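Trainee: One structure is given below, represented as structure tokens, and several questions about it will come after.
The values are calculated or read from the model by the stated rules, or taken from the named source; none is laboratory data. Small disclaimer: the values here were computed from a predicted structure and weren't measured. Heads up, the Cβs are rebuilt from the backbone with ideal geometry, glycines too, and the neighbour counts pull from every protein chain shown. Each accessible area value is taken on the protein alone, full model and side chains, heavy atoms only, with ligands, DNA and RNA left out. Shrake-Rupley method; radii C 1.70, N 1.55, O 1.52, S 1.80 Å.
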Amino acid sequence: MSLVHWILILNLWILKATSLQAGSRVVLREIGHNIVGGSYPKDYAVELNATNFDAVLKDTPATYAIVEFFAHWLHHYENVAKLFNGPNAVHPGIVLMTRVDCALKINSKLCDKFSVSHYPMLFWGPPTKFSAGWSSNQAKSKLHVIDDGRTAERLLNWINKQIGSSYGLEDEKFENEHLSSNISDPGQIARAVYDVEEATATAFDIILEHKMIKSETRAPLIKFLQLLVAHHPSRRCRKGSAEVLVNFDDLCPLDMWSSDKHDVDTSNMIGVLRNFHICGKDVPRGYWV
């Protein structure tokens with residue numbers, strides 16, 4: 001290619017770049033699209049800022065959240081975020097991966113609220129605990145600084161240690177429509193049981209949430225629990241149902257609704273039943289296989 005052609009191409013790039021906001025991530029993404037073998041990594045982490053920070057973390061159904069405080073010219077953890085975030089996540093409903101760009105003026109106070117001292121600085125904890133911020137002298141804070149997140153692989157290993165999992169960066173999502181119809185396939189059976197566990201725990205939560213345990217529903221509920229103990233395909237659900245059934249007469253005596261304080265008794269009963277994890281403490285998980 002002649003020197004004239006190279007000059008023309010360079011001029012076109014300059015015109016395209018100057019039409020975008022200087023220093024924006026869009027420019028970096030456009031350049032990366034042509035330099036790094038075809039495409040720039042897709043954004044999987046949820047972008048937070050001073051205006052949506054509390055609302056997003058409050059509303060997420062995820063059990064844990066990671067907030068990465070960074071500057072936009074530095075490394076991100078998209079390979080980890082794609083495992084947990086978005087409609088095609090491999091392991092959804094467990095960890096919400098987010099980030100805050102401290103190079104933006106709008107986020108200055110937010111980054112100060114977390115005593116951000118270097119980039120990237122990553123925090124781990126229950127999503128609802130992030131609203132209070134963090135400082136190094138908070139002894140009882142529910143938030144933890146991730147001390148080993150130099151690479152995506154090391155960050156995922158750190159997460160695995162926290163939640164007792166064994167996730168890998170190459171994990172792939174199960175797709176029901178691609179499953180074999182062979183009912184003797186152990187993998188297909190395991191995934192079916194996985195969903196039945198989710199459905200059972202969700203049904204139990206709905207029963208408690210809507211206060212469906214009443215004098216007229218007590219007997220049918222006992223029969224339902226007996227059915228689960230005898231025939232549920234999941235050993236964990238059979239065990240959890242048996243635990244509820246064994247304690248049911250103490251929690252829900254026949255004369256409970258005849259007393260003047262039955263509303264208080266019902267509330268107490270439901271509060272105690274919430275502590276029974278009918279299919280184990282990690283179910284429901286918040287997603288289906």
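Trainee: Structure shown: which of 142/281; 113/140; 129/239; 58/173 lie over 24 Å apart, alpha-carbon to alpha-carbon?
Mentor: 129/239; 58/173, as the Cα separations exceed 24 Å there.
Trainee: State to the nearest 20 debye the size of the charge dipole of segment 39-176 about its Cα centre, where the only charges are +1 on K and R beta carbons and -1 on D and E beta carbons.
Mentor: Numbers: 14 positive and 15 negative charges, 107 e Å.
Computed charge dipole of segment 39-176: roughly 520 debye.
Trainee: List the residues, sorted by chain then number, that are 5 or more residues from residue 66 or on another chain and whose placed amide H is less than 5 Å from its amide H.
Mentor: HN-HN under 5 Å from residue 66: 96, 97, 98.
Trainee: Where both partners of a DSSP beta bridge lie in segment 39-176, what percent of those bridges are antiparallel, to the nearest 5? Display every interim value, and only then the final one.
Mentor: Values: 7 of 17 bridges.
Roughly 40 percent of the DSSP beta bridges within segment 39-176 come out antiparallel.
Trainee: Over all pairs of distinct alpha carbons, what does the Kirkwood formula give as the hydrodynamic radius of segment 39-176, in Å? Don't skip to the answer; put the middle values down first.
Mentor: Details: mean 1/r = 0.0655 Å⁻¹.
Computed over segment 39-176, the radius equals 15.3 Å.
Trainee: Let me ask something else about it. Accessible area per residue for segment 39-176 in Å², computed with a 1.4 Å probe and the full protein assembly in place, what is it? Present the calculation step by step, with values, prior to reporting the outcome.
Mentor: On the way: 7480 Å² over 138 residues.
Accessible surface, normalised per residue, equals 54 Å².
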